[in-house]
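J.: Following this message is one structure expressed as C-alpha cells.
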Amino acid sequence: MRALLCCTLVVLVGCEGKLGGPTTPPPGATADAGCPPEGKNDEIRQALAPACASCHLTGNKPYFASLEAFENGLVYDPKWVNKDDPAGSALIKLLQGLNPGSYPQMPPGEPYSAYVNDGRVKLTLDELQAWIRELPERGAINDGPSPSAFTVRRLRADEMILSLMDQLGLSQEDFVDTSRPTWRDEEYTVRGGRLFVWPTDWAPGISQQYVSDKRATERYETLGGAVVLQGRKKDLTLGPSSLQTLVQMSQAWCRLAIEKQGNTAVLRSVTLADKSATKSVEIKQNIAQLSLRMLGDVPSEADVTELYEQVYLPLEANSTKTAWTGVCAALVRHPKWLSY
C-alpha cells in the first residue's frame, strides 16, 4: 500500500511534496523514482534502474516496474540470484557480459562497468554480490491481485505475422508469386497451400490493390487484427477463432520453413534424415536450440525431454518432417511465445 501511495504522489506532486514537481520518471528510472527505498531490496532496485529499467519496465519481464515485480521475478528466483554463490548468479554474469546463451550481456550494447565508471550507476558489482550474500529472507507473499504485479498481453496479429516469419526464416516472397518484376505494385497472387496471413490495410505498392485470396485477410482478422478501412479495432483476447487460426498458421508455416531449401531456422543441428535411433543427442540439441530461438530463454533439460518424448518421438513414427513440424508448432503456441 505504501509503495502504491508513493507512486501516486510522484504522479501528482513528486516525492518532494511540491506541486509542480517531477510528474514522470526520467529515462531509465522506475515508476516510483524519487521515493525513498523500502528496505535493502528496493535500494538495489533503484540503484540498478538507470542501467536496466529502460528494457525491463514493461513487457513480460518488467522486473523494475515495482518492488513486488523485482522481488517476485528476479530477486527470489534462483535462476537469477543464488545466495550461496553470488559470483555465479546469472544476474552477476549478465552484468559482467559472461552469461551463457543468446543474451550474454545486460544491458545490451554497453557493459555495466561503463555505467559505473561514468557515474550513471553508483552500485558496483562487489556491492551487488555483497547484497546477494546477505540477501534478506523473503517476506509473506500476497496471494491476491496486485496493481504492481507482472502484467502481460498477447501478441498483436501483426506482431505474430512478422515475428513468426523472421524466426522461421520466411519472407513475403515465400507466400506470393514474385515472377513478375512489378509484383510489389500489383495485387498479390497468393500461392496455394501455404496459409498466407496478411492485413487488409497493408496494400502493396501504391496501386491500392490487395491479395488475390481473401482468406489471407480473413485469417488476419480472426487473429484479432485491426482493419482501419472497416473501423475494426484490434482484439487482444484469445478466443476459439484466433486460436484455431494460430494452430493452422503454426503448422503450415513451420512445415514451409522445414521444406525451404537452405533454411536452417528449424533444423540447425540435424537433417530430416536423422532419426532418434541413432541421433537422439543431436535431436535434443536441436530442440534446445529451437526453443531458445522461439522463446528467448535457455530451456531446462526437463523442458527439452518433454518436447522430445511427448511431441517428437510419437510423430517421428509418421516422418521426421511431421515430428519437427510438431515441435516447432508447439513452441509457437507456447504462452511465452504468445505473450509480450
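J.: Checking the structure you have, find out if any residue of the range 82-105 is of a type in the set (Val, Ile, Thr) and outside any loop (DSSP other than H, G, I, E, B). Break it down into steps so the answer makes sense when it comes.
T.: Filtering the range 82-105 down to residues of a type in the set (Val, Ile, Thr) leaves 92.
Of the ones still in play, those that are also outside any loop (DSSP other than H, G, I, E, B) are 92.
Taking every residue of the range 82-105 in turn, at least one turns out to be of a type in the set (Val, Ile, Thr) and outside any loop (DSSP other than H, G, I, E, B).
J.: Further, regarding this structure: May I ask you to verify whether Gly14 is under 20 Å from the mean Cα position of the chain (by Cα) and modelled with pLDDT under 80?
T.: Values: under 20 Å from the mean Cα position of the chain (by Cα): no; modelled with pLDDT under 80: yes.
No, not satisfied.
J.: If I filter the range 313-324 for residues that are within 20 Å of Ala157 (Cβ to Cβ) and in contact with a helix residue (DSSP H, G or I) (Cβ under 6 Å, 6 or more places away or on another chain), do I get at least one hit?
T.: As a first pass, look at the range 313-324 and keep what is within 20 Å of Ala157 (Cβ to Cβ): none.
No; the residues of the range 313-324 include none that is within 20 Å of Ala157 (Cβ to Cβ) and in contact with a helix residue (DSSP H, G or I) (Cβ under 6 Å, 6 or more places away or on another chain).
The rows are residues; the columns are (1) among the β-branched types (Val, Ile, Thr); (2) in contact (Cβ under 8 Å) with a residue 60 or more places away in the chain; (3) open to solvent by less than 10 Å² (accessible area, probe 1.4 Å).
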{"residue": "Arg45", "(1), (2), (3)": "no, no, yes"}
{"residue": "Pro50", "(1), (2), (3)": "no, yes, no"}
{"residue": "Leu57", "(1), (2), (3)": "no, no, no"}
{"residue": "Ser66", "(1), (2), (3)": "no, yes, no"}
{"residue": "Tyr76", "(1), (2), (3)": "no, yes, no"}
{"residue": "Lys83", "(1), (2), (3)": "no, no, no"}
{"residue": "Ala87", "(1), (2), (3)": "no, no, no"}
{"residue": "Ala90", "(1), (2), (3)": "no, no, no"}
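J.: Here is a list: Thr200, Thr178. Which entry is assigned to a loop (DSSP other than H, G, I, E, B), surrounded by 14 or more Cβ atoms within 10 Å (Cβ to Cβ) and at pLDDT 90 or above? So that I can check it myself, show each step before the final result.
T.: Working: Thr200 fails: at pLDDT 90 or above.
From the options Thr200, Thr178, the qualifying one is Thr178.
J.: Within the range 96-126, which residues are within 23 Å of Arg293 (Cα to Cα), in contact (Cβ under 8 Å) with a residue 40 or more places away in the chain and crowded, with 17+ Cβ neighbours inside 10 Å?
T.: Within the range 96-126, Met106, Pro107 qualify.
J.: Under 8 Å between Cβ atoms, which residue pairs at least 6 apart in sequence (or on different chains) link something in the range 224-241 that is of a type in the set (D, E, K, R) with a partner that is open to solvent by 60 Å² or more (accessible area, probe 1.4 Å)?
T.: Lys234/Arg156
J.: Tell me yes or no: at least one residue of the range 234-243 is of a type outside the set (S, T, N, Q), open to solvent by less than 30 Å² (accessible area, probe 1.4 Å) and touching a Leu at 6+ places or on another chain (Cβ under 9 Å). Outline the logic, then answer.
T.: At the first step, the residues of the range 234-243 found to be of a type outside the set (S, T, N, Q) are 234-236, 238-240, 243.
Filter once more, so that each one left must be open to solvent by less than 30 Å² (accessible area, probe 1.4 Å): 239.
Checking the rest, the ones that are also touching a Leu at 6+ places or on another chain (Cβ under 9 Å) come to none.
Looking through the range 234-243, none of the residues is of a type outside the set (S, T, N, Q), open to solvent by less than 30 Å² (accessible area, probe 1.4 Å) and touching a Leu at 6+ places or on another chain (Cβ under 9 Å).
J.: Mind checking whether some residue in the range 61-76 is assigned to a loop (DSSP other than H, G, I, E, B), within 20 Å of Gly109 (Cα to Cα) and of a type in the set (Ser, Thr, Tyr)?
T.: Within the range 61-76, the subset assigned to a loop (DSSP other than H, G, I, E, B) is 61-66, 76.
Filter once more, so that each one left must be within 20 Å of Gly109 (Cα to Cα): 61-64.
Now narrow it down to the ones that are of a type in the set (Ser, Thr, Tyr): 63.
Yes, the range 61-76 has at least one match.
J.: Next question. Within the range 64-112, which residues are within 19 Å of the chain's Cα centre (by Cα) and of a type in the set (S, T, N, Q)?
T.: Taking the range 64-112 as the starting set, the residues that turn out to be within 19 Å of the chain's Cα centre (by Cα) are 64-65, 69-70, 72-74, 77, 79-80, 90-91, 94, 99-109.
Within the range 64-112, Asn72, Asn99, Ser102, Gln105 qualify.
J.: Does Gln244 satisfy the condition of being free of Cβ contacts under 8 Å to residues at least 24 places away in the same chain, assigned by TED's automatic domain parsing to the domain that holds Ser319, of a type outside the set (Val, Ile, Thr) and under 25 Å from Glu173 (Cα atoms)?
T.: On the way: free of Cβ contacts under 8 Å to residues at least 24 places away in the same chain: yes; assigned by TED's automatic domain parsing to the domain that holds Ser319: yes; of a type outside the set (Val, Ile, Thr): yes; under 25 Å from Glu173 (Cα atoms): yes.
So Gln244 fits the description; yes.
The values are calculated or read from the model by the stated rules, or taken from the named source; none is laboratory data. Quick caveat: nothing in here was measured; it's all calculated off a predicted structure. Cβ sites come from the backbone with ideal geometry, for glycine too, and all protein chains shown count toward neighbours. Note: accessible area is taken over every heavy atom of the protein model, side chains too, but ligands, DNA and RNA are not part of it. Shrake-Rupley method; radii C 1.70, N 1.55, O 1.52, S 1.80 Å.
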